[in-house]
Amino acid sequence: GQKRRKRAENGRLPGAVSIEGRPRVVDARRRFGDWEGDTLVSRGRHGGLVSLVERKSGYTLLARVDDLRAPTVRRAAQQRLADLPRHLRRTMTFDNGKEFAEHQALAAAPGMGIYFAQPYCAWQRGTNENTNGLVRQYLPKGTELTAYSHYDVALIQSSLNDRPRKPLHYLTPREDLTKNAPRRRVAFG
């Protein structure tokens, strides 16, 4: 016989902290620095995008990846979060995709708490799901995302961050984060 791989409990990632363990202040959306993350998958599962969205402002970070393996996704998320000041890196909430298996290494690098939504509860990461829908206006399902350059993805990110939003009293996410986040001298580009 062949050895069986040890499976994570109920398909969960090892060491994952459930959304129930997330600080209650995150639910209120009264502070900046709480993020939601997901991946958008390319046609044929050959790469995709990592999308990270700040819950209060809707500020979006996008990174194109050539594959959806955990090390690749972790590196992309780390690179996108690295330029943010520490007070804007408090928590991150992901779904239970295997691409987030290196969540503990991601938590250690930027120093943020990482939590996971319940399986099949996309509404627990509603900001990110909505933002992914906005990204799909530029890159519809079935698109080969790896055909787009990092520059193209940066243009889409910039367009989303400069789009006025009704919940922000028609400020853009960039304006909201720049004007209202603590330590105003931070510039978001």
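The values are calculated or read from the model by the stated rules, or taken from the named source; none is laboratory data. Owing to the predicted nature of the structure, the values given are computational and were not obtained by experimental measurement. Note: ideal-geometry Cβ built from the backbone for every residue, glycine included; neighbour counts use all protein chains shown. All accessible areas refer to the heavy atoms of the entire protein, side chains included, with ligands and DNA or RNA removed. Shrake-Rupley method; radii C 1.70, N 1.55, O 1.52, S 1.80 Å.
Search region 129-157 for residues that are under 17 Å from residue 173 (Cβ atoms) and open to solvent by less than 70 Å² (accessible area, probe 1.4 Å) and pair each with any residue that is of a type in the set (Gly, Ala, Ser) and part of a loop (DSSP other than H, G, I, E, B) when their beta-carbon atoms are under 9 Å apart and the residues are at least 6 apart or on different chains.
That search, which allows pairs on different chains as well, returns 131/58.
Is region 67-78 home to any residue that is in a strand (DSSP E or B), under 18 Å from residue 151 (Cα atoms) and of a type in the set (Gly, Ala, Ser)?
Taking every residue of region 67-78 in turn, none turns out to be in a strand (DSSP E or B), under 18 Å from residue 151 (Cα atoms) and of a type in the set (Gly, Ala, Ser).
Can you tell me which residues in region 2-49 are modelled with pLDDT under 85, open to solvent by 50 Å² or more (accessible area, probe 1.4 Å) and at positive phi?
Scanning region 2-49 gives 10, 44, 45.
Tell me yes or no: at least one residue of region 86-93 is farther than 30 Å from residue 13 by Cα and surrounded by 19 or more Cβ atoms within 10 Å (Cβ to Cβ). Steps first, please.
Initially, region 86-93 is screened for residues farther than 30 Å from residue 13 by Cα, giving none.
No, there is no match, as no residue in region 86-93 is farther than 30 Å from residue 13 by Cα and surrounded by 19 or more Cβ atoms within 10 Å (Cβ to Cβ).
Between 83, 67, which is surrounded by fewer than 18 Cβ atoms within 10 Å (Cβ to Cβ), free of Cβ contacts under 8 Å to residues at least 12 places away in the same chain and out of contact with any helix residue (DSSP H, G or I) (no Cβ under 6 Å at 6 or more places or on another chain)?
On the way: 67 fails: free of Cβ contacts under 8 Å to residues at least 12 places away in the same chain.
The match here is 83.
So residue 92 passes all but one of these: (1) out of contact with any Phe, Trp or Tyr (no Cβ under 9 Å at 6 or more places or on another chain); (2) without any contact (Cβ under 8 Å) to a residue 60 or more places away in the chain; (3) within 19 Å of residue 20 (Cα to Cα). Which condition number does it fail?
The one condition residue 92 does not meet is (1).
Restricting attention to region 113-128, which residues are part of a loop (DSSP other than H, G, I, E, B) and either surrounded by fewer than 19 Cβ atoms within 10 Å (Cβ to Cβ) or without any contact (Cβ under 8 Å) to a residue 40 or more places away in the chain (or both)?
Answer for region 113-128, where residues must be part of a loop (DSSP other than H, G, I, E, B) and either surrounded by fewer than 19 Cβ atoms within 10 Å (Cβ to Cβ) or without any contact (Cβ under 8 Å) to a residue 40 or more places away in the chain (or both): 118, 119, 120, 121.
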